[in-house]
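The next block holds one structure in the form of structure tokens; read it before the comments.
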Amino acid sequence: MKKHIHGEKCVTFTLDGREVHAHDGETIWQVAQREGVEIPHLCYSPEPGYRADGNCRACMVEIEGERVLAASCIRKPAEGMKVNASNHRAETARKMVFDLLVSDQPARETSHDPISKFWSWADKMGIETGRFPEREKPGADRSHPAMAVNLDACIQCNLCVRACREVQVNDVIGMAGRGHNEKIVFDFDDPMGNSTCVACGECVQACPTGALMPSSLVNAENVRTEYPDKKVDSVCPYCGVGCQLTYNIKDDKLLYVDGKNGPANENRLCVKGRFGFDYVHNPQRITKPMIRKEGVPKIPHEFIDPMNPWTHFREATWDEALDKAAQGFLKIREQNGPKGLAGFGSAKCSNEEAYLFQKLVRTGFGTNNVDHCTRLCHASSVAALLEGVGSAAVSATFNEVKNSDVIIVIGSNPTENHPVAATFFKQAAKRGAKLIIMDPRGTAMKRHAWKLMQFKNGTDVAMLNAMLNVIVEENLYDKQYVQTYTEGFPAFAEHVKQFTPEEMEPICGIDADTLREVARTFARAENAIIFWGMGVSQHTHGTDNARCLIALSLITGQIGRPGTGLHPLRGQNNVQGASDAGLIPMFFPDYKSVEDPATRGAYEAKWGIQLDPKRGLTVVEIMDAIHADTIKGMYIMGENPAMSDPDLNHAREALAHLEHLVVQDIFLTETAVYADVVLPSSAWPEKDGTVTNTNRQVQMGRKALPLPGDAKEDWWITIELAKRMGLNWTYAHPRDVYPEMASMMPALDNISWERVERENAVTYPSDAPDKPGRDVVFDKGFPRPGGFGKLVAAKLTPPDETPDHDFPFILTTGRQLEHWHTGSMTRRATVLDAIEPTAIAAVSRGTIAKLGIRPGDMIRVSTRRGTVDLQSRQDDAVPDGVVFIPFAYVEAAANLLTNPALDPFGKIPEFKYCAAKVEAIPMREAAE
Ligand code: SF4
Ligand code: SF4
Ligand code: FES
């Protein structure tokens, strides 16, 4: 009979003569591990997400009274059982297993990874060579740029299959053949590099023998030659998922990266986090401060060879460069007033750096003209969330899908943009949750979807209002929840009456029956959750799109409980934190209005200076203000508006027009081309600082590498500029900045720097210094007056520019799995560039046929703002009449084409929709 210890059911049994307890569900191996009894294991991984398979028999133990030995990794103890893990019989059996396996391995001297888990266990057991005849050995497969495949070391443990199919849910690796012919295969026994592998590297991390390894560790003979001399735990520098990782370093160079068990990623990484690290060592890094040469003009669209910037710049000392940078700002402030200045901070820098940057602009420049790339990704979501639920952050972590039975993913392509979050969505779908994908492009996740709703581009509000109509008209809304926790329902219900599924069907392209079925399923779900991406937010009606999603959650009461809620998947690694820290023109840190006199008074008291009482300009408005000669000088830290802004002709002309531009970055970006002063700064692994991911998890990034040349940490540079602008700043490290920042941000209550350093990640809000933060918020209403969530009606607004005779296509833009944003990092990462080296435009099979071209032929895409030539790629996920272009490629910059029209609330441009022309390029012209 099971006993209870501390209220928990447990089993008591004997292990090597000692009485031990197993918690409910624990295996013999897990209890032994906890009790300090070492049992070898090969096909079992104790890491999260790995199911025990019990196939290798390396972990055999004796159970008294049983005829055969048992695999301890899979066997659960029973009450009173007597287990012998360390007696002669068990140890002899395990040795025999290793003896057999070693016989099939390459010789120890030439083994692919002499320190693999396999060899470590073999060493412990004193087995160097096998006594049995070896099998025929397969050859090496070096077809993949990131991973070396040497199946002569494979023991068919199946871990890589589980890694691929069950953990990352990519379904590329399988086990084929029988008996002696059994082997792992990629797809249909393709070379790895030709398979559908997405290079997440989970298999490499799982493989216990070195049969699968990062290519960076082995030589041409496939023998490991590289070993780290240092390991540093940190966070991935790319997307908002915020995967924790470990940098493995040798001689101050990154050698390889392992996933770490962070709360968001549970050891998983995607191709960028695992293999996209060597941009930090790229020879194009800026290592000296530079000043523009006297008389060198700024010409829009000009290209400067990053390896030879001396055509336009001269080297300077730090003092000289900082003095020139600060004096330029002071002169403009004197001549034109504070409104003549502006700053773009970075969602790639730390919270402390974001805080310092906005503080410099507000107290040193004297203006609220400070913004960053959140304006270009989720500003409309933030506007709608602040209005509707009083908080801009997610209501539940994405990992909450484990508790959801219905999951909506709308306007988001997580397998490319948030790949590790996508693994949790796919796992939920495999477990039986209904995954509903709503997107004009059929995303890769459609394979896992219960419903794919491929609505017409730009008609989100029509589709969502139809669902809201069904829920209201069929009385499927949660009356009690609506009454207790929301306001505005009567007017809202009246508003959605007009949007019947039948009337919306021709507008959004989803049939009325499907709209009804999905609405009913969502409303009736036990726990339903909504995720959205920039397909929702990057529209002139982005705020209205988000309002509909908020209403969907509120009227059904699908919020505030485990497995429910609203989650805009944030883009950059620290876009949440940079916004929280006040890198926004209308808000101080923690979203406190700059126009509220009481709040401003508090900040004036804290910072000891009078502050600008008016909200500042946003990203696109700042570009307009430069053209209008209002803004004359800018400080840009780690952003690349010459690639990321809409209508790049306009943006680049603005940057070239500035009287004084200071750019702080790690590469000579397309923006730095127009700089008067270039300040060489730090890549993420070169500094300490906290970051906040999409889940509200504040995590610690740690300095792992020295700075190259004379480059400096971003926080140091901002402080030095502030001092030269007359501010008395004395911070010596980000840990000096954090307490001041946290003291102004109630969200960070109970989360000290020391706590984040100790725990690696703390979710906000946290109720006490020793209590974990809350994964789910809004369980008792909302941080709004009365605690009510606000229902806001959304009307149908067409996109700003619709297709016509001259521009009959719809252009939509976004990211690719391998390339991050403007490509300044990923295109300088060897593996990522090798996988995706070329600018492409994705079009449908129908478009390819209509243009009379073959996939891969060059095409020309034009809009009213510009033209780019790029390679066509046939993509069956793209509807006819639509062209998708990733915006990472400078040689075919998608944003030369995009429309700068803004959402009136979030001021976000309409990146996801404009009218375009797509043409074949005549062969002769393409070849030139
Ligand atoms: S490749 Fe590695 S992980 Fe995969 S089955 Fe072989 S030994 Fe196991
Ligand atoms: S999912 Fe995002 S955070 Fe995680 S490894 Fe990939 S890019 Fe990095
Ligand atoms: S580790 Fe238990 S059977 Fe392989």
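The values are calculated or read from the model by the stated rules, or taken from the named source; none is laboratory data. Here the structure is a predicted model, which means the values were calculated and not measured. For neighbour counting, all protein chains shown are included, and Cβ atoms are generated from backbone atoms with ideal geometry for every residue, glycine included. To get the accessible areas, we keep the full protein, side chains included, count just its heavy atoms, and leave off ligands, DNA and RNA. Shrake-Rupley method; radii C 1.70, N 1.55, O 1.52, S 1.80 Å.
Residue 362 fulfils the conditions (1) at pLDDT 95 or above; (2) not acidic (Asp, Glu); (3) not in a helix (DSSP H, G or I) except for a single criterion, (3).
For the stretch 505-545, name all the residues that are in a helix (DSSP H, G or I) and either open to solvent by less than 10 Å² (accessible area, probe 1.4 Å) or assigned by the TED database to the domain that holds residue 908 (or both). Before the answer, list the steps.
Step one: list which residues in the stretch 505-545 are in a helix (DSSP H, G or I), which gives 505-508, 512-524, 534-537, 542-545.
Passing the criteria: 508, 512, 515, 518, 519, 522, 536, 537, 542, 543, 545.
Kindly check whether there is at least one residue in the stretch 459-479 that is touching a strand residue (DSSP E or B) at 6+ places or on another chain (Cβ under 9 Å), in a loop (DSSP other than H, G, I, E, B), open to solvent by less than 10 Å² (accessible area, probe 1.4 Å) and not assigned by the TED database to the domain that holds residue 877.
Here is the first cut: in the stretch 459-479, the ones touching a strand residue (DSSP E or B) at 6+ places or on another chain (Cβ under 9 Å) are 460, 463-464.
From what is left, the residues that are in a loop (DSSP other than H, G, I, E, B) are none.
There is no residue in the stretch 459-479 that is touching a strand residue (DSSP E or B) at 6+ places or on another chain (Cβ under 9 Å), in a loop (DSSP other than H, G, I, E, B), open to solvent by less than 10 Å² (accessible area, probe 1.4 Å) and not assigned by the TED database to the domain that holds residue 877.
Within the stretch 750-767, being assigned to a loop (DSSP other than H, G, I, E, B) and either open to solvent by 80 Å² or more (accessible area, probe 1.4 Å) or farther than 16 Å from residue 696 by Cα (or both) holds for one residue alone: 767.
If I ask for residues that are within 12 Å of ligand 2 (Cβ to nearest atom) and either open to solvent by 10 Å² or more (accessible area, probe 1.4 Å) or part of a loop (DSSP other than H, G, I, E, B) (or both), which ones from the stretch 228-243 would you list? Explain how you work it out, then say what you get.
Within the stretch 228-243, the first condition is being within 12 Å of ligand 2 (Cβ to nearest atom), and the residues that meet it are 234-243.
236, 237, 238, 239, 240, 241, 242, 243 - these are the residues of the stretch 228-243 that are within 12 Å of ligand 2 (Cβ to nearest atom) and either open to solvent by 10 Å² or more (accessible area, probe 1.4 Å) or part of a loop (DSSP other than H, G, I, E, B) (or both).
Of all the numbered requirements in (1) in contact with a Phe, Trp or Tyr (Cβ under 9 Å, 6 or more places away or on another chain); (2) within 13 Å of ligand 1 (Cβ to nearest atom); (3) closer than 24 Å to residue 255 by Cβ, residue 154 misses one, and that requirement is (1). Among the residues of the stretch 61-86 satisfying the criterion of being open to solvent by 20 Å² or more (accessible area, probe 1.4 Å) and either within 16 Å of ligand 2 (Cβ to nearest atom) or within 20 Å of residue 157 (Cβ to Cβ) (or both), which is farthest from the chain's Cα centre (by Cα)? If we take residues in the stretch 61-86 being open to solvent by 20 Å² or more (accessible area, probe 1.4 Å) and either within 16 Å of ligand 2 (Cβ to nearest atom) or within 20 Å of residue 157 (Cβ to Cβ) (or both), then 69 is farthest from the chain's Cα centre (by Cα).
In a residue-by-residue description of the stretch 43-59, the property of being touching a residue at least 12 places away in the same chain (Cβ under 8 Å), under 30 Å from residue 141 (Cβ atoms), touching a Ser or Thr at 6+ places or on another chain (Cβ under 7 Å) and open to solvent by 20 Å² or more (accessible area, probe 1.4 Å) applies to at least one position.
Can you tell me which residue in the stretch 826-838 is nearest to residue 272 (Cα to Cα), limited to those that are of a type in the set (A, V, I, L, M) and buried (at least 21 other Cβ atoms within 10 Å of the Cβ)?
832
Hey, among 324, 298, 348, which residue is crowded, with 24+ Cβ neighbours inside 10 Å and either under 22 Å from residue 591 (Cβ atoms) or modelled with pLDDT of 95 or more (or both)? Quick ask: steps written out before the conclusion?
Working: 324 fails: crowded, with 24+ Cβ neighbours inside 10 Å; 298 fails: crowded, with 24+ Cβ neighbours inside 10 Å.
None of the other options fit; the residue is 348.
Can you tell which of 462, 466, 421 is closer than 30 Å to residue 494 by Cα and touching a Pro at 6+ places or on another chain (Cβ under 7 Å)? None of the others qualify; the one that does is 466.
In the stretch 218-235, what count of residues is obtained for those that are within 15 Å of ligand 1 (Cβ to nearest atom) and within 14 Å of residue 256 (Cβ to Cβ)?
Taking the stretch 218-235 as the starting set, the residues that turn out to be within 15 Å of ligand 1 (Cβ to nearest atom) are 218, 222, 224.
Filter once more, keeping what is within 14 Å of residue 256 (Cβ to Cβ): 218, 224.
Looking only at that region, the number is 2.
Can you tell me which residue within the stretch 277-289, out of those that are over 30 Å from residue 867 (Cα atoms) and touching a Lys or Arg at 6+ places or on another chain (Cβ under 7 Å), is most open to solvent (accessible area, probe 1.4 Å)? Among them, the one singled out is 281.
Could you name every one of the strands (runs of 3 or more DSSP E) located completely within the stretch 796-894 that has at least 2 residues being more than 16 Å from ligand 3 (Cβ to nearest atom) and out of contact with any Ser or Thr (no Cβ under 9 Å at 6 or more places or on another chain)? Before the answer, list the steps.
Values: elements: 809-814, 840-843, 858-863, 866-874, 882-886.
The strands (runs of 3 or more DSSP E) meeting that bar are 809-814, 866-874.
Note on the stretch 245-265: residues that are within 9 Å of ligand 2 (Cβ to nearest atom) and not in a loop (DSSP other than H, G, I, E, B) total 3.
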